[in-house]
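A quick write-up on the structure given underneath.
Values quoted throughout were computed directly from the atomic coordinates according to the rules given, and no laboratory measurement underlies them. Because the structure is predicted, anything quoted here is derived from the model rather than measured. Reconstructed Cβ throughout: ideal geometry from the backbone, glycine too, with neighbour counts over all protein chains shown.
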Amino acid sequence: MKDVNVVLGDITQSECDCIVNAANKTLLGGGGVDGAIHRAAGPELVRECATLGGCATGEAKITKGYGLKAKYVIHTVGPIYSGAATDAELLGKCYTNSLELAKANNLHSIAFPAVSTGVYGYPLETATRIAVDAVSAWKTANRGYPMRVDFYCFNERAYAQYVLTLKNTKY
Ligand code: APR
């Protein structure tokens, strides 16, 4: 798939127009990538988040990036894995809604972490398939809009899974 990359590294170092945070519904910070992004952005980030009134699972909200290299942070809330059919739909919406929000703000590059695959327990293989399919569907529906997508993987296992999934994805 054109301008879709897999990166092994820390998403807070991304120079994309926006980076996506795997947040919780309060948007007031947490551990994992949420904690890393808030640490790198600085205290102004949580102050802006506190004005947003939280975020529902599958939805996305945008803030400035403050101390980050990225100009914006798009906060999305992944499903806590339960095995319910709605898990996949909600996880896919995280990617679709984040891309829609980036487009609405005229952004042309976005970095995603592996949403829900940490604390929220989503099995990596299925979550990666859902992420890649959601991005592919969005790019097919938005052919005329240049959007670079970087999947940021924090460990070798996730990196290998994304590379394999993208290789097996015909676009
Ligand atoms: N850069 C890129 N990826 C990272 C980073 C980082 N700095 N830190 C962690 N990750 C990866 C994890 O390895 C995992 O693959 O992000 C993925 C998502 O894991 P979590 O951060 O645990 O997010 P999630 O599973 O969606 O759980 C969200 O955790 O931190 C809390 O407040 C957050 O309640 C929310 C929950």
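What shape does segment 63-149 take by its C-alpha gyration tensor, where a ≥ b ≥ c are the square roots of the eigenvalues and a/c under 1.5 counts as rounded, a/b above b/c as prolate, and the rest as oblate? It comes out oblate by the Cα gyration axes. Counting only DSSP beta bridges whose two residues both lie in the chain, roughly 25 percent are antiparallel. Hey, for a label at H108 modelled as a point 7 Å past Cα toward Cβ, could you say which residues of segment 10-25 have their backbone N under 18 Å away? Within reach of a label on H108, which here means backbone N under 18 Å from a point 7 Å along Cα→Cβ, segment 10-25 contributes 15-19.
Under a point-charge model restricted to the Cβ atoms of Lys and Arg (+1) and Asp and Glu (-1), what is the dipole moment magnitude of segment 112-157 relative to its Cα centre, in debye to the nearest 20?
Charge dipole, segment 112-157, about its Cα centre: 180 debye, nearest 20.
In the chain, the calculated helix contribution to ellipticity at 222 nm averages -12500 deg cm²/dmol per residue, counting -39,500 (n - 2.57) for every DSSP H run with n ≥ 4. Its Cα centre serving as origin, the chain has a Cβ charge dipole (Lys and Arg +1, Asp and Glu -1) of approximately 320 debye. For the chain, the gyration tensor built on C-alpha atoms gives a rounded shape. Its axis ratio a/c (a ≥ b ≥ c) stays under 1.5.
What is segment 47-171's relative contact order, in percent, from Cα pairs under 8 angstrom and six or more apart in sequence?
Value for segment 47-171: 22 percent.
Shape analysis of segment 1-48 places it in the prolate category; the axes a ≥ b ≥ c from the Cα gyration tensor give an a/c of at least 1.5, with a/b above b/c. For segment 57-126, a crude dipole built from +1 on the beta carbon of Lys and Arg and -1 on the beta carbon of Asp and Glu, taken about the Cα centre, is about 460 debye to the nearest 20. Just to be sure I follow the rule: in segment 65-171, considering lysines 8 or more places apart or on different chains, how many pairs have Cα atoms under 27 Å apart? Counting lysine pairs in segment 65-171 gives 15.
Can you tell me the FRET efficiency between D133 and L52 if r is taken as the Cβ-Cβ distance and R0 is 30 Å, rounded to the nearest 0.05? Efficiency, from the Cβ-Cβ distance: 0.60.
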